[in-house]
Amino acid sequence: MKKGRTPEYIGTYNKNLILEILMRTGPKSRAELARISNLTKTAISEIVDDLIKKKIIIEVGKVETERGRRPTKLTINPDLKVLSVDLSGMEGRSAIFNAKGEIEESISYKIDAKEDLLKLIDPLYRKYNEKIIAIFLSVPGIIDRENGKVILSVSLNWENFEIVSFLEKYYRKPIYIEKDTNVGLIAENWYGDAGRYNTFFYLLLEKGIGLGIFYKGEILEGFQGIEGEIGHTTIKENGEKCWCGNSGCLEIYASLSKIVKDFGYENDFENVLKEFLYKKENEILERTFNYLGVSLANAIHLLAPEAVCISGNMFINKNILDMITKILKEKVENHIFNNLRGKIFFYSSKLGRDSLLIGAGILGFLGYFKGV
């Protein structure tokens, strides 16, 4: 047995495994859970009995079989909800997320000050208070997840903000935070098109530019909470000063939100993009996508993924996201090894603007399950 793998640890791991299977695949019988998890029927019975007693899972009916037996199906208690929060867009969004992977209700509120968080969370918290088991926030920037602290988020104008301590004064629920790109990775892995890939990239185009990295079945985390900061790779020596303290960062020259605003594309970006896709005559977009393509190609050469997911929700509908994905694929393939061209799957997220709310909901459940 590996160091630290105590019976208590193994018991918690097995319990969480069963709960994750039920969340990802829906109602299952005890026999199905044993087959999927490779646990013994005795172990399954002990875990299930304990979780039923705690009202974490419930029995939901019988299923006829050829042998005449009627196994009982088990599912996560539908009364359990997570209040998920996405702070990466032009407005903050909060939602009620259930164990089926569904958003039941959501609201938006512009975050101009820390106190605006309360206006984003309060309405749903008051309405669903008794059913909420956790609050989970998807945050752009550099975070300290263990201590519940936002080290730096330029889009929110926060620095060294102890966000969990701040919210714990108002809400008596477990509160968790995670970097937005990592939240998106989880959503894509569970409910998007990335579940069949062992290594994939998640490129998030919001106010800034972020890259989530899923490597050999795990989220890749860097030193000091810094990973996937592709928006702060240097693409122009001695260029414009960036908020991060460096100069010439990708985010300054290729942030789509900045490009759209600066050049007045807000109301017509889809048509502008469509025209560029076929004519390639827009110098602004040509430069923007060249910068993005080169930067993404550099990241691919460092850690070649099987797939690249493009996501974002600011002003980006599915048609826009599809076009961006097509353009970026072309740009990237101009700069990567020949034997990678045509082999990396580029796709736009089908989860749309709910991607980060879904990921936050999943992680909220998983965080809660660790404590039951």
Fill in the blank from the handout: Under the rule rounded for a/c under 1.5, else prolate if a/b exceeds b/c, else oblate, using alpha carbon gyration tensor axes a ≥ b ≥ c, region 20-114 is classed as prolate
Exercise for the section: Take the chain, connect every pair of alpha-carbon atoms lying under 10 Å apart with a spring to form a Gaussian network, then pick out the residue of LEU205, LEU296, LEU22 with the largest mean-square fluctuation. Expected result: LEU22
Exercise for the section: Choose one answer from TYR171, TYR191, TYR278: the residue with the largest mean-square fluctuation in a GNM of the chain with alpha-carbon springs under 10 Å. Expected result: TYR278
Practice task
Quote the accessible area belonging to GLU20 in square angstrom, nearest 10, computed with a 1.4 Å probe and with ligands, DNA and RNA left uncounted.
Solution key: 60
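Over the chain, what is the mean sequence separation of C-alpha contacts under 8 Å (at least six apart), divided by residue count, expressed as relative contact order in percent?
16 percent.
What part of the accessible area of the chain, given as a whole %, is carbon or sulfur when the probe is 1.4 angstrom?
The C+S portion of the solvent-accessible surface of the chain is 47 percent.
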Handout entry: Descending principal axes extents, region 243-316, alpha-carbon based, whole Å
Key = 36, 32, 24
Problem - Listed pairs LYS119/LYS173; LYS179/LYS241; LYS15/LYS131 exceeding 19 Å between Cα atoms - result: LYS179/LYS241; LYS15/LYS131
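Give the peptides 39-46, 148-155, 334-341 in descending order of average Cβ contacts within 10 Å, highest first.
148-155, 39-46, 334-341
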Problem - DSSP bridge orientation in region 170-309 - percent antiparallel, rounded to nearest 5 - result: 75
Practice task
Please build a GNM for the chain, connecting alpha carbons under 10 Å apart, and tell me which residue among THR325, THR12, THR75 fluctuates the most.
Solution key: THR12
Exercise for the section: May I ask you to list the aspartates and glutamates whose Cα is less than 16 Å away from that of LYS280, ignoring any residue fewer than eight positions away on the same chain? Expected result: GLU270, GLU330
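If contacts are Cα pairs under 8 angstrom and at least 6 residues apart, what is the relative contact order of region 213-300 in percent?
22
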Handout entry: Global form of region 141-190, assessed from the alpha-carbon gyration tensor, a/c cut-off 1.5
Key = oblate
Handout entry: Reach of LYS318 by Cα under 17 Å, taken over lysines that are not fewer than 8 positions away in the same chain
Key = LYS274, LYS326, LYS329, LYS350
Problem - Identified option (computed Cα extents along the principal axes in Å; candidates [x] 73, 53, 50; [y] 60, 59, 45; [z] 68, 50, 44) - result: [z]
Fill in the blank from the handout: Note on region 284-372: contact order normalised by length, alpha-carbon pairs under 8 Å, 6 or more apart, percent, works out to 37
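For TRP243, TRP190, TRP158, what's the largest-to-smallest order of accessible area, 1.4 Å probe?
TRP243, TRP190, TRP158
The values are calculated or read from the model by the stated rules, or taken from the named source; none is laboratory data. Keep in mind that what you see is a predicted model, and the values were worked out from it rather than measured. Positions of Cβ are generated from backbone atoms using ideal geometry, with glycine treated the same way; all protein chains shown enter the neighbour counts. In case anyone asks, the SASA skips ligands and DNA or RNA and just uses the protein heavy atoms, side chains included. Shrake-Rupley method; radii C 1.70, N 1.55, O 1.52, S 1.80 Å.
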